[in-house]
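Structure, as structure tokens:
Each reported figure results from applying straightforward, stated rules to the coordinates on display, with no laboratory input. Just so it is clear, the structure is predicted and the values come from calculations on it, not from any experiment. Every residue, glycine as well, gets a Cβ built from its backbone with ideal geometry; the counts of neighbours run over all protein chains shown.
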Amino acid sequence: MIRPASEAELAEAVRAAHGPISVRGGGTRGPLPAGEALTTSGLTGITLHDPAALTLVARAGTPVEEIEAALAEANQRLAFEPMDHRGLLGTTGTPTIGGVVAANVSGPRRMQVGAARDHLLGLRFVDGEGTIVKNGGRVMKNVTGYDLARLVAGSRGALGVITEVALKVLPGTETCANLVARGLDDAAAVRAMSAALGTPFEVSGAAHDPHAEGGPRTVLRIEGFAPSVAYRCKALAERLAPHGDWEIETDREAVLAEWRGIRDVAPFHGEQGDVWRVSVRPSQAADLVARAGAKRAFYDWGGGLIWLLTAEGDDLRAKLGRYDGHATLLRATPETHAKLHTLQPEPLALQALTRGLRETFDPRGILAA
Amino acid sequence: MQMPSPDAKIMAKKAQVVQRLTEVLGARGVIHDPAETRAYECDALTAYRCPPLCVVLPATTEEVSAALRVCHEENVPVVPRGSGTSLAGGALPTADSVILGVSRMNRVLEIDTDDRIIRVQTGRTNLSVTGAVEELGFFYAPDPSSQLACAIAGNIAMNSGGAHCLKYGVTTNNLLGVTMVQMDGTVIEIGGAHMDAGGLDLLGVICGSEGQLGVVTEATLRILPKPEGALPVMMGYDSAEAAGACVADIIKAGVLPVAIEYMDRPCIRACEAFAKAGYPDCEALLIVEVEGSADEISYQLDTILKIARDHDPVEIRAAQDSDEAARIWLGRKSAFGAMGQINDYMCLDGTIPVSALPEVLKRIGELSDQYGLGVANVFHAGDGNMHPLILFDANKEGDLEKCEEMGADILRLCVEVGGCLTGEHGVGVEKRDLMSVQFAREDLEAQMKVKDVFDPKWLLNPAKVFPLDVSEGRRA
């Protein structure tokens, strides 16, 4: 395993590589591509935290928990609440901030505040030729030159190895509460969540578990200053009365635990089968789930994100047909990954652009992704 | 500022190019009479002008595709244009280029409040996107000051921001999908009404690429429910340090205002003379706006006012109703007009880390003395996006050049303290030759490689963003 201790060493290692290299952060996101292993775990440390500017800069291998702890001390947080894949994928290791950005890993609050890529202010990376490139910066507004930072974020290492990221952080929340409705069918739950997200009450989480213990459970999260949370919970429950009976839950620990579970797809932990992550427009979500014929389904992002547990080897994309969105195979055997492809195949014109970008940033084709 | 000399071969075949474009667009879609092309000789950066070879105004994505295919075959550069409000010269033509304007494409294609999206043709103006969903209780968040006139096409090209991006983000955070025509006429769909990319985040790099990767003809935008209410509070301070510390403490306290605006004394005085908003005569004025229900607003304002008082303000005024709110905003919103009344000015757009504010203001003051040109500062303090206005006399020989030199020094200063050349206006031609201050050659090379992939012939807006000597050899 190559474990560079600095960006310069990492660049040198990429330049010196002859065959494919398999880049990893904490190794928590399941099977890694074949090739010589290269880890960013030697590049650690928060290099800047400026609370008044809502900015944090850290080296790629810095554990997410270290960043969250440092932010918590200043009553700040990563607002996109990155998912921890370990429970769902049965992996060990420690999630790193570089891995989070490289895979654009976001949690339930994504629909309100944006994804990991939306909080990215800039980054440094080493391309497939071993050239060190910086893009963006550490300030909130920056349109100087092309936005390569967003292109590299979410590229899963295909365009380069991220060595440092600058992120926008947000204030922590004083209080949180849940509004819960029981027994809604999927279509009714999505309609209720859409209605909630169309109010000015700043719902920061909207999820629906059709198979929850005791029957379907639809849950909406409200966060902020205590008087504001109380006001919005009450106003929202009244507004949503046509969509069901809503109970307000205010036990902070219970609310936090439930959203950690939603973030990490806890309902699927330990269940047999393949796991798919499907991004859709919410109004089509319930129909798509009906079409999928999955063993279990679970809705986040107000219906904009569907988690599906299917029989092993099931070709979900064939069942879903054409729709506005895409499906990622997150958990399956290597054979199924190879047969069905991890990422949604793109139309030909986009494939050409993707191929062109990969070839230009990695002409030797050594960045396995 | 240099532009490449026009290609004589292209100039010589103007009639042929015009004829081929007319064949695919009809006579109505092509403007080639020099008396009429003159209307497209510049954008809002009026210091630089050059009429284009001709102008095309397609009405559909198919027509954009057909026009681009002709230009691609004829090897003619194309300069895409939204409403022509760029302050950076993003839509400045060269004499051998075709201006492709999207102004005829301004329809709303779909509104879905359940999915919280609107799909529009990109010639539509920013404010009219909000206009289309306002009665349904929604709005489109990015709000550049030119929002009455500027087009979504230009907003996407420049990744435009606005006063409210501390809370709502800029264009890239509110853009879900596009229909884009590549230079060779290929039409591609990226994203849609769903969130995030399934593969590479192409949308992310297209947004902010200044019309160099393709022509975006349709866009799916995120719309948000309108807040219940919003009110500003105004506070005056006797030093930039006190105002800067106040901003820092507000943010550190966990309050996230939707806007924090800052004006310095020259700007306050000009606005006061112009708009009579009742601003105190002080060194620094802050306007902080919060949103929510009446109770939520007063709770947040109480927190902010408590912090504000700790920094020894000259004056504090919290709006109690929408009339008082309008009066507080009046001066700020007329800042650019007010300055224009008393002087010619150049508006800069660098961003700095908020914590560097007092130091940067001090050094801008020193530069002002050194060059003998006045500066008024008005900017978005929450996100560090500065808008220093350098005052000069356009009729005085050498003043514009002096002003540009001083502007470059201020932008170098922004980069030096950890910021950037442009926060929301874009590079265009205006900041093109300063790109090497912020980026190493490898950084620019990586960006140009993306253009190589999308536009191998470098025909789309080729003389922008990258210093000419850096893009030499790539441009035709």
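In the frame of its principal axes, region B:343-416 has Cα extents of 37, 19, 16 Å, reported largest first.
Across the cross-link table entries B:LYS333/B:LYS451; A:LYS141/B:LYS252; A:LYS141/A:LYS234, which are compared at the Cα atoms, the separations over 30 Å belong to B:LYS333/B:LYS451; A:LYS141/A:LYS234. Taking every residue in A:153-166 and counting other chain Cβ atoms within 10 Å of its Cβ, the average works out to 2.
Starting from the Cα of B:ALA47, step 7 Å toward the Cβ, then list every residue of region B:3-30 with an amide N under 15 Å from that point. Counting backbone N atoms under 15 Å from the label point, the list is B:3.
Across chain B, counting alpha-carbon atoms alone, Rg and Dmax equal 22.8, 71 Å. Based on the Stokes-Einstein relation at 10 °C and a viscosity of 1.306 mPa s, and on the Kirkwood radius from alpha carbon pairs, region A:175-263 is assigned a translational diffusion coefficient of 124 µm²/s.
One chain, two ends: B:ASN395 and B:LYS9. Fully extended at 0.36 nm per residue, the span grows by 135.3 nm beyond their Cα-Cα distance. This ranking places B:MET346, B:MET180, A:MET193 by how few other beta-carbon atoms lie within 10 Å of each, fewest first, which gives B:MET346, B:MET180, A:MET193. In the distance distribution for chain A, Cα-Cα pairs more than 28 Å apart total 47 percent.
Proximity of backbone amide H atoms, modeled 1.01 Å from N, is registered between B:PHE139 and B:LEU224, B:LYS226 at under 5 Å, excluding neighbours fewer than 5 places apart on the same chain.
The residues packed around A:PRO20, meaning those with a beta-carbon under 12 Å from its beta-carbon, carry a net charge of -1 if Lys and Arg are +1 and Asp and Glu are -1.
Placing R0 at 35 angstrom, the Cβ-Cβ distance between B:GLN341 and B:ARG412 gives a FRET efficiency of 0.70 after rounding to 0.05.
Across peptide B:299-307, the average count of Cβ atoms from other chains found within 10 Å of a residue's Cβ is 1.
In summary, the lysines within cross-link reach of B:LYS226, defined as a Cα separation below 17 angstrom excluding same-chain residues under 8 places away, comprise B:LYS167. With q set to 0.11, 0.19, 0.20 Å⁻¹, the log10 of I(q)/I(0) for region A:7-171, from the Debye formula over equal scatterers at the Cα positions, is -0.40, -1.23, -1.36.
In plain terms, the chain from B:LYS226 to B:ARG28 could stretch by 67.3 nm, reckoned as 0.36 nm per residue minus the Cα-Cα distance. Annotation: aspartates and glutamates with alpha-carbon distance below 15 angstrom to A:LYS319 (same-chain offsets under eight excluded): A:ASP274, A:ASP287.
Counting, for every residue in B:438-451, the Cβ atoms of other protein chains within 10 Å of its Cβ and taking the mean gives 6.
Across q = 0.20, 0.22, 0.25 Å⁻¹, region B:8-103 modelled as identical point scatterers on its alpha-carbon atoms has Debye log10 I(q)/I(0) values of -0.91, -1.09, -1.36, in the order of the q list. Distances between placed amide hydrogens fall under 5 Å for A:ARG331 paired with A:VAL275, all partners being 5 or more residues away or on another chain.
The calculated 222 nm mean residue ellipticity attributable to helices in chain A amounts to -8500 deg cm²/dmol, summing -39500 (n - 2.57) over DSSP H runs of n ≥ 4 and dividing by all residues. Label sites at B:THR303 and B:ASN75, each approximated as a point 7 angstrom past Cα along Cα to Cβ, lie 6.2 nm apart.
Taking Cα atoms only, the orientation of helix B:61-74 departs from the longest principal axis of chain B by about 60 degrees. Mean projected area of the Cα convex hull of the protein assembly as shown, taken over all directions, amounts to 33.3 nm². The distance between label points at A:THR333 and B:GLU324 comes to 7.1 nm (points 7 Å beyond Cα on the Cα→Cβ vector). Stretched out straight at 0.36 nm per residue, the stretch from A:ALA8 to A:ALA187 would grow longer than its current Cα-Cα span by 59.1 nm.
For region B:108-225, the alpha-carbon coordinates run over 40, 29, 25 Å along the three principal axes, in decreasing order.
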